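The values are calculated or read from the model by the stated rules, or taken from the named source; none is laboratory data. For clarity, every value in this text was computed on a predicted model and none was experimentally measured. A quick note on method: Cβ atoms are made from the backbone with ideal geometry, for glycine too, and the neighbour counts reach across all protein chains shown.
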Amino acid sequence: MQNQSINSIIISTLMILLSACGGEESGTLKGVARVSSINVSANSVIMNAGAISGLKVICNSTELTTSTDGSIKCEETPITVYLGKFKVGYVNSIPVDRLVYTQDLLHVTRADIAHPEVTKLSMILQSLDKDAEPLNGITLDSSVLDLLGSHLNSSTILANLTFDNVESIIEDVIQTALSQDANSKLKAVSYDTAQSNLATSVANAPALTYDQRTAGGI
């Protein structure tokens with residue numbers, strides 16, 4: 001397998017985009033680099049319709065937190081994404097189109113923006129945005145993640161939560177945050193709005209299945 005060097009990845013609950021590159025056989029395609037599926041060296045940006053800061057990522061065995069612009073330096077796969085102690089999902093390799101969406105992390109098709117777990121995660125992330133404007137990027141405060149941790153933790157199974165459960169969790173976190181800080185701007189994002197924001201992010205992405213993705217198909 002050819003060795004290739006990448007300067008940037010965008011991870012999203014929504015998308016990872018690899019761009020700008022160097023090394024053997026490197027090049028760009030519409031601003032996106034060709035990349036090997038293993039031994040990735042990159043700067044990663046975690047996004048949900050915008051860069052997410054304050055999100056935990058484990059690159060192989062190295063624990064990192066996305067910075068104010070959503071960036072981290074990720075040396076190799078697998079890439080695992082966490083919301084506090086709750087494991088969002090993982091990828092073992094970079095897709096051939098250099099994009100990783102929430103759907104990839106959960107191993108469902110790209111077109112499945114209405115998948116229950118994809119929607120639940122989108123609702124939670126977008127509702128916890130510090131300025132309540134998820135399309136311009138999401139900022140996750142550690143204090144808010146601590147509040148969320150009383151509901152979502154390492155033993156949580158997202159599939160076991162109903163949408164009513166998710167809405168109650170969001171509302172509890174928002175009300176508790178408001179009681180601690182009267183200036184809190186957190187705002188609950190509905191099922192429909194969360195899907196709309198996700199659709200905006202993935203509108204032009206190929207609808208690869210997980211098997212096609214890992215097999216290198218597009």
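Structure above, values below:
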{"item": "Condition met for T156 (assigned to a helix (DSSP H, G or I), among the polar types (S, T, N, Q) and either modelled with pLDDT of 95 or more or surrounded by 13 or more Cβ atoms within 10 Å (Cβ to Cβ) (or both))", "result": "no"}
{"item": "Checklist (1) at pLDDT 95 or above; (2) outside any helix (DSSP H, G or I); (3) surrounded by 14 or more Cβ atoms within 10 Å (Cβ to Cβ) applied to L208, failing item", "result": "(1)"}
{"item": "Top-ranked residue in the range 124-136 [being part of a helix (DSSP H, G or I) and over 13 Å from the mean Cα position of the chain (by Cα); ranked as nearest to S53 (Cα to Cα)]", "result": "N136"}
{"item": "Criterion violated by L121 - all others in (1) in a helix (DSSP H, G or I); (2) over 19 Å from T80 (Cα atoms) satisfied", "result": "(2)"}
{"item": "Selection count, the range 137-153, where residues are under 20 Å from V118 (Cα atoms) and not in a loop (DSSP other than H, G, I, E, B)", "result": "4"}
{"item": "Considering residues of the range 159-189 that are hydroxyl-bearing (S, T, Y) and under 16 Å from L121 (Cα atoms) only, the residue surrounded by the most Cβ atoms within 10 Å (Cβ to Cβ)", "result": "S168"}
{"item": "Considering residues of the range 123-142 that are of a type in the set (S, T, N, Q) and exposed (fewer than 13 other Cβ atoms within 10 Å of the Cβ) only, the residue nearest to K56 (Cα to Cα)", "result": "S142"}
